[in-house]
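Encoded as structure tokens, the structure appears first; notes follow it.
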Amino acid sequence: MKGIGRQLVGSLVFVATACLLFTGRAGAAAPQLKVSPNKRYLVKEDGSPFFYLGDTAWELFHRLKREEADFYLSNRVAKGFNVIQAVVLAEFDGLTVPNAYGHLPLQNNDPAKPVEAYFKEVDYVVDKAERLGLYIGMLPTWGDKWNKKWGVGPEIFTPANAEAYGRFLGRRYRDKPVIWILGGDRNPENDLHLAIIRAMAKGLKKGDGGKHLITFHPQGGGNSSKWFHSDDWLDFNMFQSGHAAANIANYSLTSTNYNLTPIKPTLDGEPRYEDHPINWKPANGWFDDWDVRQAAYWSLLAGACGHTYGNHDIWQFWQSDRKPISSARTEWRKAIDHPGAFQVGLARKLFESRAYQKLVPDQSLLTSEAGEGAEHIRAAGASDRSFGFVYSPMGKPFTVNVGKFTGSRIKAQWFNPRDGAWKSDGEFPTLGARQFTPPSTGRGNDWVLVLDGATAPASGPDVFPKRP
């Protein structure tokens, strides 16, 4: 119990510190988002970069009371999240089991007949998020309502009522901080499915006047670009690397989308969840914070415009009086401070400490082998060669062609993605190749090498919070 107490105190101290760094915009209206001029990233309406850091809170509208939603959202903004992914027509009996206040979303399961009392509770969460400076990545429906395949269903959508429902949502949240996420853990498998998704997108655009970004969330291993990359309504691609195995190479899916034309931003919208049994089998072990960090840095350095974190206990808001889904084992109020949630916030701070929108994935920076499996090393450099990042998930040494960077000298620092600490590795002439050895090795000892050219910013330690 003493160890748990120390961990809780440390978490609270870290949250308080992080809050000072991440809540400067709380209370201000969230600006409209759009795709950057180079089509690789997202930006705010004034052109400043927007690093998408999402959390999967799929059952947020369905299961939480207002005070619980307040607690959850405040916790997430303090850790650096800026997008909350939640579902209006929820997965788990979302049509027949009411929300926390006893309201169902639709009359007679008709998407054209929304229930006002239910949507007032959705409004409350959206408004609270807006006051905190958060965006809601709003899924109009979980996928079993248009492609049951598994789960509860029933399938209630046609192209006609999907467009009407989309138009309703678009009008209602036209002036709110929303990103539309279609799909809901299902892939389209026939022409009817494709027509439903496209009709819903059409309705959303009619309703909100095209003010909000739209993407598509597929099932595990799926990729929005497979079906919709050339559709004008799809502003950025989303894929789900999923939970089926350790060390899923999500950088490959990121790279696939990065290299498509027309160019569109991309990100992993559902990677391996913290505290999720590997391949849904507890006997295989559980994904932990190292798995979370590995997925995040792999995808980001392969060219993603951001990343989504997930915790198996939080997306379903599991507590002891609810049936656990897929072996959930930690009550969500405790899981909310699992270490991975802090650490993805540190990843955002690292990228935002540099002009990350200049980063280009570049494995040619490495003159040593990148390796495979859990040890795979990723590298990216700024387009003007002013800085670069190299991620070694197992602390394996590697060699970098420092001659690719601008200026006569380069400064090297190690960033610890577990606690945000920095360690200097010196300054060197930008000549030839140089080997770098991370401060520690083995699983759980991942490191980011940060290389800055002649125009290096101030060193990092004062920029980042340290978790006790």
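Here are the numbers for the structure shown:
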| read-out | value |
| --- | --- |
| All positions within the range 209-231 that are assigned to a helix (DSSP H, G or I), free of Cβ contacts under 8 Å to residues at least 40 places away in the same chain and touching a Leu at 6+ places or on another chain (Cβ under 9 Å) | F228 |
| Meets criteria (touching a residue at least 24 places away in the same chain (Cβ under 8 Å), in contact with a Gly (Cβ under 6 Å, 6 or more places away or on another chain) and among the acidic types (D, E)) for D235 | no |
| Among (1) at pLDDT below 95; (2) closer than 18 Å to I214 by Cβ, the one test that G151 misses | (2) |
| Out of L253, L234, L267, sole residue that is in a loop (DSSP other than H, G, I, E, B) and assigned by TED's automatic domain parsing to the domain that holds A199 | L234 |
| Qualifying residue in the range 180-189 (condition: at pLDDT below 95, within 21 Å of L60 (Cα to Cα) and either hydroxyl-bearing (S, T, Y) or assigned by TED's automatic domain parsing to the domain that holds P262 (or both)) | no |
| Test for A100: is it touching a helix residue (DSSP H, G or I) at 6+ places or on another chain (Cβ under 7 Å), outside any loop (DSSP other than H, G, I, E, B), touching a residue at least 12 places away in the same chain (Cβ under 8 Å) and on the phi < 0 side of the Ramachandran plot | no |
| Neighbours by Cβ (under 6 Å, 6+ apart or cross-chain): first from the range 313-340, closer than 16 Å to K65 by Cα; second surrounded by fewer than 23 Cβ atoms within 10 Å (Cβ to Cβ) and of a type in the set (V, I, T) | Q316/I325 |
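Yes/no per residue for (1) part of a loop (DSSP other than H, G, I, E, B); (2) within 18 Å of Q85 (Cβ to Cβ):
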position: K120; (1), (2): no, no
position: V125; (1), (2): no, yes
position: L139; (1), (2): no, yes
position: D144; (1), (2): no, yes
position: R186; (1), (2): yes, yes
position: E189; (1), (2): yes, no
position: A195; (1), (2): no, no
position: R198; (1), (2): no, no
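The values are calculated or read from the model by the stated rules, or taken from the named source; none is laboratory data. Quick caveat: nothing in here was measured; it's all calculated off a predicted structure. Neighbour counts run over all protein chains shown; Cβ positions are idealised from the backbone, glycine included.
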